[in-house]
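Step one of this worksheet: look at the structure below.
The values are calculated or read from the model by the stated rules, or taken from the named source; none is laboratory data. For clarity, every value in this text was computed on a predicted model and none was experimentally measured. Virtual Cβ from ideal backbone geometry, glycine too; neighbours counted across all protein chains shown. Ligands, DNA and RNA are excluded from the accessible area calculation, which covers all protein heavy atoms including side chains. Shrake-Rupley method; radii C 1.70, N 1.55, O 1.52, S 1.80 Å.
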Amino acid sequence: MRSSVRSVPPAPRLLSTALLAVGLLGSALAAPLCRAPANLIPNAGFEGGAFSPGGRPTGWEFESWSTTALGTWDNTTAHSGRRSVRIDARSPDDALWRQPVAAPVNVPLFLGGWIKSDNVQRGADQPGSPGATVSVLGRWDQPAPTLGTTPWHAVGMSFLSDTSPLLVAPRLGFWGGLASGTAWYDDLVLVPRVADAPHPRWKILLLVYPQTDAVITRPDGSPRHVQGTSSSAELTKTAEQARLFVERDIPALTSGNMLPTLTIRHARQPMKTLSPVGEGWWPAQGDVLSELDPAFDSVIVVWDPRVKDVATGESLWIGGGAGLTQARGVSQTYTTMSVEYAGVNGHRNVYKHEWGHSILSYFEALQQTPQPTVNNHATASQYVNCKTGQYYVWQDETEAQPIPNSIYSNTAGFTHDYYSGTVARAEAPQTCLGIGPQAWAWGGPVTHSGSAPVFTAAERVGALIGQVSALQTAGILGPRPAQVLQAELQAARLVLRIPRASAQARWPLAVFSRHVQALVARGQLLPQAGTLLIEAATAASGCV
Ligand SMILES: [Ca+2]
């Protein structure tokens with residue numbers, strides 16, 4: 001089995017210590033999908049079956065590892081309809097409802113559902129317990145944990161499987177992760193993910209820890225209490241540079257294929273624990289768990305490794321590198337950066353390099369990029385552009401001194417080409433590798449067709465309006481042409497609201513596509529970005 005995520009224990013495959021060296025336009029869509037793919041789980045809302053207290057919804061079986069938990073078909077609580085299933089475990093257990101479900105193999109799938117919980121607790125010595133969860137028996141994948149008392153909320157996860165049927169299991173506890181309490185489950189969904197246009201936009205969280213206040217352990221085993229604080233000028237610069245990275249660099253580096261959004265948060269507490277790495281420390285996911293938010297495709301943690309020993313006053317740098325990124329399969333990507341490399345250093349090369357690791361490993365796990373996966377710890381003679389055969393200028397650049405075709409240039413060069421799917425190994429110079437439009441069309445670990453579907457004509461036009469505005473923010477499209485394109489899309493949106501006239505929406509969409517073509521012809525829009533907009537407009541038109 002090619003496992004996409006191994007969650008116990010996530011052996012930290014650290015990808016990098018940001019070593020700073022001091023045809024393409026194929027269609028992602030054959031025919032547009034105009035409504036969500038059918039849910040593969042029969043009786044996913046637990047409504048079907050002849051109800052009786054102590055009965056079972058059609059298709060579902062209950063089991064309790066300890067045999068002490070109770071599984072109840074509940075007709076008093078539901079997310080939708082009138083019924084749900086409930087699990088009560090007075091003592092820590094791995095208890096579940098299960099149903100075998102036929103599913104396609106070796107394609108990305110999304111399993112989601114709604115959970116409500118009452119006093120769900122991890123068992124003693126079960127720190128990895130997901131609490132209440134949805135799972136596939138025989139797999140380690142887990143969505144974000146549900147613990148304590150919570151209202152109905154959505155959970156979900158992506159995975160690839162090479163077997164069918166799958167034993168879909170709403171569950172309280174896990175192998176080696178027992179849990180107690182009460183949880184309800186309703187409206188499960190299992191759907192194949194699909195490539196779509198416009199491309200789903202990633203949500204990126206910049207999680208800043210202005211303060212470090214941690215006890216680290218020296219090699220001799222003795223503890224050391226250290227403290228450090230970033231200046232407000234550094235934090236301001238970090239926020240500014242992160243915004244430029246997400247809203248300008250990523251759209252440029254991906255040739256308009258990915259237009260992510262950024263949220264910046266400051267942690268509510270200092271960085272209190274760190275994990276050893278090499279000769280230093282870093283904030284592993286376990287160290288920032290209380291601030292991690294499963295709603296984001298990517299998390300970038302910025303922290304301060306410049307500290308003082310509280311006891312001796314000695315100044316120390318305790319980091320493990322400029323940045324560290326962990327391979328996380330098809331789950332939310334995770335990158336950390338030292339604050340000195342996040343803004344005040346005059347370039348965004350560490351962002352480009354580290355986030356580059358995370359997207360390369362994500363798409364490798366998703367199996368949607370050509371093999372072999374690009375290694376971004378490369379050397380000058382290793383890669384070329386797959387269209388021109390040209391080698392790259394292997395030099396770092398700064399904002400003040402950009403170098404054309406260099407490693408971190410936004411418009412051409414190694415990083416640009418692997419973010420855009422136009423890089424090749426020097427020994428096979430015409431085989432394009434990296435992350436091209438076909439890959440970006442699958443979306444991110446969290447935001448994709450399964451969790452955030454955009455299928456109807458109206459939804460597609462709405463998404464296109466967002467894309468045009470993001471292209472403008474990125475500086476890829478000027479304000480005046482953006483205004484013209486938005487007017488066409490708004491016209492299409494208005495017409496789509498009139499039931500008997502909705503077919504007329506094809507006209508403004510056709511005009512939109514012609515305008516896009518004209519902008520590309522006049523050099524006012526990147527050809528790749530133009531192709532994507534036309535593809536998305538054509539899909540919207542096809543769904544009218
Ligand atoms: Ca229901």
Practice item. Compute the length gained on full extension between Q517 and A31: take 0.36 nm times their separation in residues and subtract their Cα-Cα distance, giving the result in nm to one decimal. Key: 172.8 nm
Point to revise | Where Rh is the Kirkwood radius over Cα pairs, Rg/Rh for segment 61-192 | key: 0.95
Practice item. Calculate, for T58 and L137, the FRET efficiency according to 1/(1 + (r/R0)^6) with r their C-beta to C-beta distance and R0 25 Å; round to the nearest 0.05. Key: 0.80
Review point. Within segment 506-544, what residues put their amide N at less than 20 Å from the label point 7 Å along the Cα-to-Cβ vector of R480?
Key: 512-527, 530
Revision key, fill the gap. A 1.4 Å probe over the protein heavy atoms gives the chain a carbon and sulfur accessible-area percentage of 55
Review point. If the chain between A428 and E399 were fully stretched, how many nm would it gain, using 0.36 nm times the residue separation less the Cα-Cα distance?
Key: 7.2 nm
Practice item. Pull up all non-local amide H partners of R193: gap of 5 or more, or a different chain, and H-to-H distance under 5 Å with H placed in the peptide plane. Key: L109, F110
Point to revise | Gain in span if fully extended, A501 to E240, counting 0.36 nm per residue against the direct Cα distance | key: 89.4 nm
Check your understanding: Charges only on Cβ, +1 for Lys and Arg, -1 for Asp and Glu: so what's the dipole of the chain about the Cα centre, in debye to the nearest 20?
Key -> 1340
Point to revise | Average accessible area per residue (Å²) across segment 203-438 - probe 1.4 Å, nucleic acids and ligands excluded | key: 38
Practice item. Quantify how much of the Cα-Cα distance distribution of segment 472-544 extends past 14 Å, in percent. Key: 58
Check your understanding: When every alpha-carbon pair in segment 203-438 is counted, what percent end up more than 30 Å apart?
Key -> 28
Practice item. State the answer as a single residue: which of L137, T254, Q371 lies farthest towards the positive end of the charge dipole of the chain, with beta carbon charges of +1 for Lys and Arg and -1 for Asp and Glu, about the Cα centre. Key: T254
Review point. What 222 nm value per residue comes from the helices of the chain, counting each DSSP H run with n ≥ 4 as -39,500 (n - 2.57) and dividing by all residues, nearest 500 deg cm²/dmol?
Key: -6500 deg cm²/dmol
Exercise for review: Grab the other residues whose beta carbon is less than 12 angstrom from that of V461, score K and R as +1, D and E as -1, and report the net.
Suggested key: +2
Practice item. Sort the chain into rounded, prolate or oblate with this rule: let a ≥ b ≥ c be the square roots of the eigenvalues of the Cα gyration tensor; rounded if a/c is under 1.5, and if a/c is not under 1.5, prolate when a/b is larger than b/c, oblate otherwise. Key: oblate
Review point. Assuming R0 = 30 Å, what is the FRET efficiency of R265 and A38, from their Cβ-Cβ distance, to the nearest 0.05?
Key: 0.20
Check your understanding: With labels modelled as points extended 7 Å from the Cα through the Cβ direction, what inter-label distance (nm, one decimal) is found for E279 paired with T373?
Key -> 2.9
Check your understanding: In angstroms, what radius of gyration and Dmax does segment 175-252 have, counting Cα atoms only?
Key -> 21.9, 56
